[in-house]
Amino acid sequence: MLKRVFLIIIMVMVPFWAQAHQQKEAYITLLFNENSGNLEISHRFLIHDAEHIFAELFDIKALDLSGDILTDERTQAAFAAYLSTHFSLADKNKNELNLDLLGYEVEGKYFWLYQETPASETEVLHIKHTALHDVWDKQINHINVEIDGSVTSVRLQKREGSAWRSVKLPSQGVE
């Protein structure tokens, strides 16, 4: 009897466990740093998703890469370059901001990418983030913009294409 109950529980839970991993999401934070005068950007992707995407998008053998984002520095650098080309910011006139790549790292189950740009004085920030959309239609890139303790969020999905999404910034903004 106990065996049957256990089997029923497993049969009911397996679809939920499988679906839980199918949520393709990345989290990006844009933080205005008053001390440096820069907009700091941190991207967080699950290692499992990063490696899956990497294997889909790159010819690992031709590039002589392992595809192991956890341990292979060259694979990490290639993935960081891919992410950098799929993220853009622009000011209110849609003039793209130059983003400096500060670095990347693996921490636990996440791949982190760090960028920054001088904070422009604008009341609107235009954002484009298409990373992982080339493979997964359901990929969602959550972006949080934080200024003076106020957070504005936007979710970018493939169905929106590579269109700019606008975020109105708090009036106090960056000095």
#### Entry: Residues satisfying the stated conditions in region 111-138, i.e. under 16 Å from Tyr82 (Cβ atoms) and modelled with pLDDT of 90 or more
Phe111, Trp112, Leu113, Tyr114, Gln115
### Summary
Selection from region 41-95 of residues open to solvent by less than 20 Å² (accessible area, probe 1.4 Å), modelled with pLDDT under 85 and more than 15 Å from the chain's Cα centre (by Cα) yields Gly67, Ile69
### Answer residue from region 115-128, given it is under 13 Å from Glu96 (Cα atoms) and over 15 Å from the mean Cα position of the chain (by Cα) and is surrounded by the fewest Cβ atoms within 10 Å (Cβ to Cβ) among those
Pro118
### Message
Out of Ile147, Ile143, I need the residue that is open to solvent by less than 20 Å² (accessible area, probe 1.4 Å), closer than 19 Å to Tyr27 by Cβ and over 14 Å from the mean Cα position of the chain (by Cα). Which one?
### Response
Ile147
### Message
Of everything in region 115-147, what is closer than 17 Å to Leu39 by Cβ and among the basic types (Lys, Arg)? Give them in sequence order.
### Response
Lys128
### Task
Output yes when any residue across region 129-136 is surrounded by fewer than 18 Cβ atoms within 10 Å (Cβ to Cβ) and within 23 Å of Asn93 (Cα to Cα), and no when none is.
no
### Message
If I filter region 165-174 for residues that are open to solvent by less than 20 Å² (accessible area, probe 1.4 Å), over 26 Å from Phe54 (Cβ atoms) and touching a Lys or Arg at 6+ places or on another chain (Cβ under 6 Å), do I get at least one hit?
### Response
no
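The values are calculated or read from the model by the stated rules, or taken from the named source; none is laboratory data. Bear in mind that the values here come from a model prediction, so they are computed numbers and not experimental data. Heads up, the Cβs are rebuilt from the backbone with ideal geometry, glycines too, and the neighbour counts pull from every protein chain shown. To get the accessible areas, we keep the full protein, side chains included, count just its heavy atoms, and leave off ligands, DNA and RNA. Shrake-Rupley method; radii C 1.70, N 1.55, O 1.52, S 1.80 Å.
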